[in-house]
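First up is the structure itself, then whatever we jot down about it.
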Amino acid sequence: QVQLMESGGGLVQSGGSLRLSCAASGSDFNTYAMAWYRQAPGKQRESVARMSSGGTSTMYADSVKGRFTIFGDYAKNTVYLQMNSLKPEDTAVYFCNRGRSGSSTYYAPSQYWGQGTQVTVSS
């Protein structure tokens, strides 16, 4: 059974940094792509960053490009989202997801989601 658990959220001032973690059990990063999504109040869930299986390719939403980095630690079966230069508009609940395949370009979310971690950026 696949389980994903996010951690690392919190309250940070504008311009600050946070690192989110997603610990996965029952899944193999070398087989499936992984992604981070976020959902702000009253808005749809949106893709923020994707990583192909094996971590060879990454893709980012335009709104976070140059500020966020997705990477994995395969020994720990954990995927991270390093978030720098945070802005108030980054405030949201952040979720990790396992893809249906290994592709980050043609990423299709699976039914496997974590419970989410709240990120709040104050101005």
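Taken across the stretch 61-71, residues that are under 16 Å from the mean Cα position of the chain (by Cα), within 14 Å of T91 (Cα to Cα), among the hydroxyl-bearing types (S, T, Y) and surrounded by fewer than 17 Cβ atoms within 10 Å (Cβ to Cβ) do occur, with at least one present.
Could you tell me whether A92 is open to solvent by less than 30 Å² (accessible area, probe 1.4 Å), touching a residue at least 40 places away in the same chain (Cβ under 8 Å) and under 19 Å from L4 (Cβ atoms)? Walk me through how you get there before you give the answer.
Values: open to solvent by less than 30 Å² (accessible area, probe 1.4 Å): yes; touching a residue at least 40 places away in the same chain (Cβ under 8 Å): yes; under 19 Å from L4 (Cβ atoms): yes.
Yes; evaluated as a whole, the condition is true for this residue.
Return a yes/no flag: does the stretch 35-49 have any residue that is farther than 18 Å from V121 by Cα, of a type in the set (A, V, I, L, M, F, W, C) and touching a residue at least 60 places away in the same chain (Cβ under 8 Å). Scanning the stretch 35-49 turns up at least one residue that is farther than 18 Å from V121 by Cα, of a type in the set (A, V, I, L, M, F, W, C) and touching a residue at least 60 places away in the same chain (Cβ under 8 Å). Pairing each residue of the stretch 71-87 that is at positive phi with any residue that is in a strand (DSSP E or B) and surrounded by fewer than 16 Cβ atoms within 10 Å (Cβ to Cβ), provided the two are 6+ apart or on different chains, yields C-beta distances under 8 Å for N77/S25.
Among the residues of the stretch 24-41, the one identified as modelled with pLDDT of 95 or more and open to solvent by 30 Å² or more (accessible area, probe 1.4 Å) is Q39.
Which of the residues that make up the stretch 95-115 are aromatic (F, W, Y) and open to solvent by 50 Å² or more (accessible area, probe 1.4 Å)? Result: Y106, Y112, W113. Annotation: of all residues in the stretch 50-70 being without any contact (Cβ under 8 Å) to a residue 24 or more places away in the chain and among the β-branched types (V, I, T), the one that is nearest to G102 (Cα to Cα) is T56.
The values are calculated or read from the model by the stated rules, or taken from the named source; none is laboratory data. Model, not experiment: these values are computed from the prediction. Glycine gets a Cβ as well: all are built from the backbone with ideal geometry, and neighbour counts include every protein chain shown. Calculation scope for accessible area: heavy atoms of the full protein, side chains included, ligands and nucleic acids excluded. Shrake-Rupley method; radii C 1.70, N 1.55, O 1.52, S 1.80 Å.
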